[in-house]
Amino acid sequence: MTELQLIKHSEILFRDLLRGIAVKNVAWPHPVDSQVKWIIDNMRPEDYHVFLTEDGKDKAYMTLSPVEGEMNGKTVGFYGVGCVCTSSKGEGYGGILLKKTNQFLLDKGVMGLLFCKKLLIPFYEKYDWTVVTHNKVFIPEEDPGVFTMVFNCPEIESLKYSGRMF
């Protein structure tokens, strides 16, 4: 049975950070010390480390970061989705992770926000994430090769985001 485990960054143990790094290293192999440095430099106490486990084994990992942006002229809150990765490709764990995360977002009554490359758009669209067209997104130093996607959002006329990347 698969389970979703959310651990607040302020409460995470080092051994659990190493669990996340082990899953991330399948897709993004980097030395452990550089991964730890990134976590220290970029994650905040209120962020979550999200693990998908099956029979006690880590199958997928991601982060959720509460952030704010401006949507249709109003300040709104999002959970920023980052570092979505699995311990093995093609076994469906990424989809299970997103389905369970989507349910978490719906239960909390919050919107999701993520940034991805074009080749990942079809994956996220399968799980009800929507692309915000480039002409509606305003992000300082925006990379034209990176796309903005949202979940559980009303119609977007404009989306401004100048917060941290997650």
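Every read-out reported here was derived from the displayed coordinates using simple, explicitly stated rules and does not represent laboratory data. Quick caveat, the model's predicted, so the values are computed rather than measured. Glycine gets a Cβ as well: all are built from the backbone with ideal geometry, and neighbour counts include every protein chain shown.
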Criterion (closer than 22 Å to residue 164 by Cβ and without any contact (Cβ under 8 Å) to a residue 40 or more places away in the chain) met by exactly one of 94, 77, 112, 90: 77
Positions within the stretch 1-46 being acidic (Asp, Glu) and over 19 Å from residue 99 (Cα atoms), in sequence order: 11, 16, 33, 41, 46
Taking the options 146, 132, 137, name whichever one is touching a Phe, Trp or Tyr at 6+ places or on another chain (Cβ under 6 Å) and not acidic (Asp, Glu). 146
I'd like to check something: does the stretch 28-49 contain any residue that is assigned to a strand (DSSP E or B), buried (at least 20 other Cβ atoms within 10 Å of the Cβ), in contact with a Leu (Cβ under 7 Å, 6 or more places away or on another chain) and touching a residue at least 24 places away in the same chain (Cβ under 8 Å)? yes
Pairs with Cβ under 6 Å, 6+ apart, first in the stretch 138-162 and touching a residue at least 12 places away in the same chain (Cβ under 8 Å), second of a type in the set (A, V, I, L, M) and in a loop (DSSP other than H, G, I, E, B): 161/139
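Does residue 101 meet the test of being of a type in the set (Ser, Thr, Tyr), crowded, with 18+ Cβ neighbours inside 10 Å and part of a helix (DSSP H, G or I)?
Numbers: of a type in the set (Ser, Thr, Tyr): yes; crowded, with 18+ Cβ neighbours inside 10 Å: yes; part of a helix (DSSP H, G or I): yes.
Yes.
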Considering residues that are assigned to a loop (DSSP other than H, G, I, E, B) and surrounded by 15 or more Cβ atoms within 10 Å (Cβ to Cβ), the number found within the stretch 149-162 is 4
Considering only the stretch 133-148, how many residues are closer than 18 Å to residue 164 by Cα and surrounded by 11 or more Cβ atoms within 10 Å (Cβ to Cβ)? 7
